[in-house]
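Right, one structure below, let's go through it.
The values are calculated or read from the model by the stated rules, or taken from the named source; none is laboratory data. Quick caveat, the model's predicted, so the values are computed rather than measured. Methodologically, a virtual Cβ is constructed for each residue, glycine included, from the backbone with ideal geometry; neighbour enumeration extends over all protein chains shown.
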Ligand code: NI
């Protein structure tokens, strides 16, 4: 039931709009949160609503124009349902040397998917939804997502990482092209091993 109360205008209740590249606001380093208060929690709630509505894995506050080091991720491990996590002032304090290449996309770069190489495991230190200090050890998709979102807080987009992976993938394509050409010249009809994505 709706109560006939008079609503006070609140800028946090305006509809959320995602800022798209190449808007220069996405290149600004976000400011640390000094206090995790109700306004900050409302921002995190609304960010999670947007992440869920867009079927995304995460969002950084800068993407909706809020200058705060706040990240929301909603990632499930394996077949598990997505778990919402709120990271305030997140900082990666450890990262694995082992790297993983995965497909990434971003609400701020609609329609673009790129192969990006990142650390396979990270430990992130942050303040949680209630402002309590916490550490989280993450691997796989969750680790990738956290790195992607923290990049946003430092004004970086996933496309900034493309050069190396693009070079690698182009080299692989060239290698395959040359190999296939050699094999067909030699009259080989070798069965190709399945490509594992
Ligand atoms: Ni993004």
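Worth a mention:
- Which listed residue, of 39, 67, 45, is in a helix (DSSP H, G or I), in contact (Cβ under 8 Å) with a residue 12 or more places away in the chain, at negative phi and over 16 Å from the mean Cα position of the chain (by Cα): 39
- Of all residues assigned to segment 90-100, none qualifies as being over 28 Å from residue 34 (Cβ atoms), touching a helix residue (DSSP H, G or I) at 6+ places or on another chain (Cβ under 7 Å) and assigned to a loop (DSSP other than H, G, I, E, B).
- Scanning segment 102-129 for residues that are within 14 Å of the ligand (Cβ to nearest atom) and either at positive phi or outside any strand (DSSP E or B) (or both) yields 107, 108, 111.
- Residues in segment 49-90 that are under 22 Å from residue 119 (Cβ atoms), loosely packed, with under 14 Cβ neighbours inside 10 Å and either at pLDDT 95 or above or within 16 Å of the ligand (Cβ to nearest atom) (or both): 83 only.
- Considering residues of segment 130-144 that are in contact (Cβ under 8 Å) with a residue 24 or more places away in the chain, in contact with a strand residue (DSSP E or B) (Cβ under 8 Å, 6 or more places away or on another chain) and closer than 21 Å to residue 33 by Cα only, the residue nearest to the ligand (Cβ to nearest atom): 136
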